[in-house]
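Undergrad: Quick one: the structure is below, and I'll ask about it shortly.
The values are calculated or read from the model by the stated rules, or taken from the named source; none is laboratory data. Please read all numbers here as calculations on a predicted model, not as lab measurements. Cβ atoms come from the backbone with ideal geometry, glycine included; neighbour counts cover every protein chain shown. The area values use the complete protein model at the heavy-atom level, side chains included, leaving out ligands, DNA and RNA. Shrake-Rupley method; radii C 1.70, N 1.55, O 1.52, S 1.80 Å.
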Amino acid sequence: MMLTIRTATAADAESLHDLYHNHLTSNPPEEPQDMAIWREKLDRFEIDPFYHLLVGEVDGLVLSSATLIVIENLTHNVRPYSVIENVVTHADHRGKFYATELMNKASALAKEHNCYKIMLMTGSKKESTLNFYENCGFNKDDKTGFVKWL
């Protein structure tokens with residue numbers, strides 16, 4: 001089975017909902033999600049040149065996803081930087097390098113945008129997850145991350 005990586009579309013709303021709520025977070029929102037809003041946002045994301053919501057698809061099923069956002073910047077010779085978030089693979093399909101391929105694609109997109117760095121934060125404390133990100137070329141020593149929940 002070969003993974004196809006592409007930009008998410010509005011038709012992927014339900015698949016992404018399943019990935020995010022059943023395989024990404026241990027505390028998904030309890031309130032029902034308005035899928036019309038998800039589809040509307042996906043339509044907007046699809047045309048935003050700085051927002052890359054990537055999906056990995058096998059045999060027509062979305063099994064993995066990652067988001068890369070490019071942020072314009074005035075430092076580092078006016079080069080942008082990027083942020084990766086919401087990296088997830090369906091639990092039944094992990095270990096097949098789908099997320100690795102998505103991370104490689106996200107890194108390539110960051111290079112195409114001339115980004116000088118990619119930042120990534122994870123809520124996971126699992127050694128396997130941290131090792132995964134290190135194997136993708138990220139290090140945990142250069143910066144300190146903080147979160148302020150609103």
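Undergrad: Test Thr25 against the stated conditions and say whether it is at pLDDT 95 or above, within 26 Å of Arg94 (Cα to Cα), of a type in the set (Val, Ile, Thr) and surrounded by 12 or more Cβ atoms within 10 Å (Cβ to Cβ). Talk me through it step by step, then tell me what you get.
TA: Details: at pLDDT 95 or above: no; within 26 Å of Arg94 (Cα to Cα): yes; of a type in the set (Val, Ile, Thr): yes; surrounded by 12 or more Cβ atoms within 10 Å (Cβ to Cβ): yes.
No, not satisfied.
Undergrad: Continuing with this model, one more query. Restricting the search to the range 80-120, which residues are open to solvent by 60 Å² or more (accessible area, probe 1.4 Å) and more than 23 Å from Thr7 (Cβ to Cβ)?
TA: Asp92, Gly95, Tyr116
Undergrad: Looking at the range 53-67, which of its residues are within 13 Å of the chain's Cα centre (by Cα) and either closer than 14 Å to Asn104 by Cα or acidic (Asp, Glu) (or both)?
TA: Leu53, Leu54, Val55, Gly56, Ser64, Ser65, Ala66, Thr67, listed by residue number.
Undergrad: Condition test on Val83, is it within 23 Å of Asp12 (Cβ to Cβ) and among the β-branched types (Val, Ile, Thr)? So that I can check it myself, show each step before the final result.
TA: On the way: within 23 Å of Asp12 (Cβ to Cβ): yes; among the β-branched types (Val, Ile, Thr): yes.
So Val83 fits the description; yes.
Undergrad: How about the range 68-79: which of its residues are under 11 Å from the mean Cα position of the chain (by Cα) and either more than 15 Å from Cys136 (Cβ to Cβ) or open to solvent by 20 Å² or more (accessible area, probe 1.4 Å) (or both)?
TA: At the first step, the residues of the range 68-79 found to be under 11 Å from the mean Cα position of the chain (by Cα) are 68-69.
Passing the criteria: only Ile69.
Undergrad: Also: Ala91 is checked against (1) under 12 Å from the mean Cα position of the chain (by Cα); (2) among the hydrophobic types (A, V, I, L, M, F, W, C); (3) under 17 Å from Val62 (Cα atoms); (4) at pLDDT below 95 and fails just one. What number does that condition carry?
TA: All conditions pass for Ala91, except number (1).
Undergrad: Looking at Asn139 and the list (1) open to solvent by 80 Å² or more (accessible area, probe 1.4 Å); (2) polar (S, T, N, Q); (3) within 24 Å of His21 (Cα to Cα), which single condition is not satisfied?
TA: So Asn139 meets the others, but not (3).
Undergrad: Is it the case, given these coordinates, that Tyr116 is of a type outside the set (A, V, I, L, M), more than 21 Å from Tyr98 (Cβ to Cβ) and in contact with a strand residue (DSSP E or B) (Cβ under 9 Å, 6 or more places away or on another chain)?
TA: yes
Undergrad: Quick check on this structure: which one of Lys143, Lys126 is free of Cβ contacts under 8 Å to residues at least 24 places away in the same chain and out of contact with any Gly (no Cβ under 9 Å at 6 or more places or on another chain)?
TA: One residue alone meets the criteria, Lys126.
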